[in-house]
Structures are given as structure tokens and as C-alpha cells.
């Protein structure tokens, strides 16, 4: 597979997963209507509203918010001309506007990108990654981060977070109603099998939503790797950068799960989290994909 | 009712024509912008060269032929116009610069000087920028040429006064050294 087919495949999979999220939402609505009757229909728009407000704020101000959450400091060209030179290279290769650049003082090698659109993009690097990597490797990392910006991954993850959040709110409200009020629909002609199914859907939906959200995040990481190669046409640079990240056991100090998905390498201990819930594909798998692209060129 | 349908049909056709026309114009402008970017980066590289040559001269006095090659190639590159000419001059200059850096390898004092090191980094990033702007230009020429040749956008090339554009192809002698496959 070359990077073009990789990009197309990952876009298709993201679309499928977002559709899956929509279908899940629809199932939850259907289940709540079956179980509680028409009186609960009003809960769904409320839940979507709450989820939208909470996610939209962090999406719109993502560049500033993430700066405070990760302790990153904005830098100017004069602070690190070499890094800016490398970023300029990717800007030219991708035809995108110059992002804001920030540094996180942390010895663990890592990097991230955020921002609601390419004009408000922010890319950040830890001091550890700048020390550990040579020119080609750093170029690969920058290309991966700019690929997130180009693919609008902040928007994709915001959409995923909104739907997952709304599903969580709906099923939480309904589970409470079940506990306090029981079924409102007392006409007694409900199909018992449909009722049991609805109950199971309501209980399992939030977990399924989180799994879908993680799967979307993993697909966006693979897509960013492929897009990075389309910018640099040099899979070897990103591949050896990922090898350094894989061999390095230190992790970024602040382990806030809220921003775990934005780093190039997950700062959470991947061994303790099941693959279904992890925000990144296994790093060895990413290295293998890049190696297969190298053998093409 | 028939009037509404007729108006809607006309509006749809007009919308289709406008999108096709605008798409060609937009692609053509992107190619122009990509070309401007190549020129900016080539100019940057040309500006770096006198300084680099002077620095190397300070340590390596007996390499006059290498310096001459770089200076001649630079003069050609700065005066070239048109895609094919600029690309050819660019290839020659890249080649001459490789020769200059190879010469520098033989002088440990030069390689250790901080002035040379910063120039080398600047040259490395500029070479990459030239290469990336070339790649970006060629990618955009590819989309434009595809649009010019494929239906339906191909019908609008005359109206939009947009035609196929030339790829930026650098003659690199190193590429020719690819091993021959014999059966």
C-alpha cells in the first residue's frame, strides 16, 4: 500500500466509525423510547446540547486550553531557528499556513498538535524530543503533527467526543429514571424481548461509545502517519522517530487523560489499557506500516 | 409549476458551469503560487552562496575550480527564466554545491568552525525547502493537468483560458546512477 491508498482507507474507516457512532446514538434513542415510552424523547436534545456546549468550548479554544493543560510555552523563530527551519520545510511541502509553535519542558520525547483549524493551529514539542532526534526524524514528527492539522483531527475528535458524551448523558439519565421511577409507559403491551434488548443497549451504549471514540482516534493516528509521508515522501524519517519513541520508556510527566489522545505517542501506560480503549495504534504496528511504505520507494 | 422546474434546472446548470470554471481557475492560481514559492526558495539559496563560498575559501585556498563551478552555476541559476531553464540551472547548482560540501569534508578546521556549521544547517534547510516547493508545485501541476484532460472540466479550458502546465523536472546525474537490471 502506498500513502495515497492508506489515506483513502483511513478516511473511509473514520467515516464508517462516525456512522457507527450515529447508529449507536439512534439505538439509544430507540431503546429509551421502547423502554420508557414517548415521554423521554425530550432527553435526547438536552443531552446533545449539554455535550455540545462542553465539547464546543474546548474545541473552539483548543489551542489556548491545551497550552495551559500541558504547560507548553510559545516560542518565536529566534528561540530555535533550526526547529523553525524544519517547520518551514513542512509548511512548503503541505501548502499550509504557519502554526504557532510551543515547547514543553519535559525530558520524555513527545509532541502534539491542536487547534480548531489550520489558521489557529498549534504544534508543540517536548525538550526531550528536540534533544533525542536528528534532522530527518524531527522532520517526520513535524510532518505527523502538521498532518493532524491538515486532516482537521481536532474537529473529528470533537465530533466523536460530543456523540460519546451525549450517549453517556442519555444512558446515565435513563438508568437513574429506571432506578427512581421505573417504566412510565404502563399500557403493558410492550414486547418483553424488546424491553430486555433496550435495557442491554442502554447499559452497554456508553462503553461502546468510548470504544468507538478510541477506534476513531487510532484511525486518525494511522491517517496522520500516511499524510506525513505524503508531505515528506520519506517514510524512513518518521519510522526511525517512532523507533526512538518505542525504545524510550520515559513518559510525559503530566498524565492527564483528557489530552492523552493529542500526543504523537500515548503518554498513558499502554500495557494497562486494553487495545480496544487505547487512543493510538500499537507503535510497532505503525513502524511496520511505514517500513512497508519504504520498501515501495 | 413548470416555470419553477425550468428555473431550477437553469439554476442547476449555471451552478455546474460556475463550479467547473472556478475549479480550473483555482487550480491554475495554485500552480502560480507554487511556482512563486520555488522562486523564493531558489533566491534564498542563491543569497546564501556568496557567504558560503567565502567561508570555505578562508580555509581551503587550493580549490579554485570548485569555487568557479559554484559561482558559474549560481550566475546561470539567477538569470534563468521559464520552467525548463530554471529547473536545469537548479540541478546544476545543486550539483556544484554538493562538490563544494565534499571539498569542505577534507578540511577539519573548516568543518569545526561555527560559522560553517550554521551555514551548513541553513543550506540543508534551504535545499529541503527547494525540494519541497518543487514537490508541491509538481503535485499541483498534476491536479491541474488531470482537470484539463478529464471530462467535464476539459470542456471549460478554452473559456477559462487555462491549459496544461509544465512539470518541474530536475536533471540529477545521481539519479542516473541507478543500477541497470540485466536479464
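Just so you know, all these numbers are worked out from the coordinates, no wet-lab data involved. Small disclaimer: the values here were computed from a predicted structure and weren't measured. Note: ideal-geometry Cβ built from the backbone for every residue, glycine included; neighbour counts use all protein chains shown.
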The stretch A:1-143: translational diffusion in µm²/s, Stokes-Einstein, Kirkwood Rh over Cα pairs, 25 °C, 0.890 mPa s: 133
0 to 90° range, to nearest 10: angle between helix A:153-180 axis and chain A longest Cα axis: 30
Proxy reagent accessibility, fewest Cβ within 10 Å first, across A:135, A:12, B:74, A:220: A:12, A:135, B:74, A:220
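How much of the DSSP beta bridge set in the stretch A:3-294 is antiparallel, as a percent to the nearest 5?
If I count the DSSP bridges inside the stretch A:3-294, around 60 percent turn out antiparallel.
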Sorted by Cβ neighbour density within 10 Å, fewest at the top, the residues A:213, A:64: A:64, A:213
Cα-based helix-to-principal-axis angle, A:135-150 vs chain A, degrees rounded to 10: 30
Relative pair counts by distance (%), Cα atoms of the stretch B:2-167, 10 Å bins: 10, 29, 22, 15, 11, 7, 4, 2, 0
Helix B:114-149 axis, angle to chain B major axis (alpha carbon atoms, nearest 10°): 20
Ranking of A:123, A:193, A:103, A:264 by count of other Cβ atoms within 10 Å, fewest first: A:193, A:103, A:123, A:264
As computed over the stretch A:3-294, the Cα convex hull volume per residue (Å³): 132
